[in-house]
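The values are calculated or read from the model by the stated rules, or taken from the named source; none is laboratory data. In this text, all values refer to a predicted model and were calculated from it rather than measured experimentally. Positions of Cβ are backbone-derived with ideal geometry, glycine not excepted, and every protein chain shown enters the neighbour counts. Note: areas computed on protein heavy atoms with side chains; ligands, DNA, RNA excluded. Shrake-Rupley method; radii C 1.70, N 1.55, O 1.52, S 1.80 Å.
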Amino acid sequence: MNNVLFALWFFLPAGLANASPVFAAKIGVLHPLLRPLDFGKKFRGHRILGDNKTWLGILSAVFVGFVIIALQKYGFNHSEWIRSISGSVNYAQPKIWWLGPVLGFGALLGDAIESFFKRQIGVSPGHSWFPFDQIDYILGGLILSLVIIRLTTYEYLLIIVIWLLLHLISS
């Protein structure tokens, strides 16, 4: 059970960051940031990313990743239970402050890369492209997190399986 909790706990900044653009878009004062990352440009006759990949999305993901890692760091420093589910990750170390924003940015980067390929093969925005729509943010977050921390192969596989299942259940 601690392995499952570890997988949930470790990837929480990316998981919540992945959902943050939907909520950030509802905040009126942030609407000027609802500009497409691709500036409306095309590649091979197709939009590069589309209208749904915005600067607000990226900024909200990085912000949410930072807030979640701050809460995780606090929990790690004040709760034996949190330390017990944190596995080999030492949330007290200074470089951990970067983990949340990196996971958040990585999640949206993975989603943007997947969106690029979707646009290029003609899959419309909002249409499912299984299993890539379900795993893009997971792979993006984990790959980018390698600049901060290294986990075991088992931990990476566990995170992928658990978060993939969570995504399928919640969708």
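A few notes on this one:
- Applying the criterion of being in contact with a Ser or Thr (Cβ under 9 Å, 6 or more places away or on another chain) and under 19 Å from L144 (Cβ atoms) to the residues of the range 63-86, the residue that is surrounded by the most Cβ atoms within 10 Å (Cβ to Cβ) is G65.
- Residues being open to solvent by 40 Å² or more (accessible area, probe 1.4 Å) and outside any loop (DSSP other than H, G, I, E, B) - total across the range 125-146: 4
- Restricted to the range 149-160, and to residues there that are more than 15 Å from the chain's Cα centre (by Cα) and aliphatic (A, V, I, L, M), the residue that is most open to solvent (accessible area, probe 1.4 Å) is L157.
- Within the option set G122, G100, being open to solvent by less than 30 Å² (accessible area, probe 1.4 Å) and not acidic (D, E) holds for one residue only, G100.
- Unmet requirement for G45, which otherwise passes all of (1) open to solvent by 30 Å² or more (accessible area, probe 1.4 Å); (2) in contact with a Pro (Cβ under 8 Å, 6 or more places away or on another chain): (2)
- Extreme residue, modelled with the lowest pLDDT, among residues of the range 145-168 that are among the aliphatic types (A, V, I, L, M) and farther than 13 Å from N3 by Cα: L168
- Sole residue being without any contact (Cβ under 8 Å) to a residue 40 or more places away in the chain, in a helix (DSSP H, G or I), touching a helix residue (DSSP H, G or I) at 6+ places or on another chain (Cβ under 7 Å) and not hydrophobic (A, V, I, L, M, F, W, C), chosen from G57, G106, G110: G110
- Subset of the range 103-119 that is surrounded by 16 or more Cβ atoms within 10 Å (Cβ to Cβ) and among the aromatic types (F, W, Y) - its residue that is modelled with the highest pLDDT: F105
- Within the range 12-42, being open to solvent by 50 Å² or more (accessible area, probe 1.4 Å) and touching a strand residue (DSSP E or B) at 6+ places or on another chain (Cβ under 9 Å) holds for L33, L34, R35, K41.
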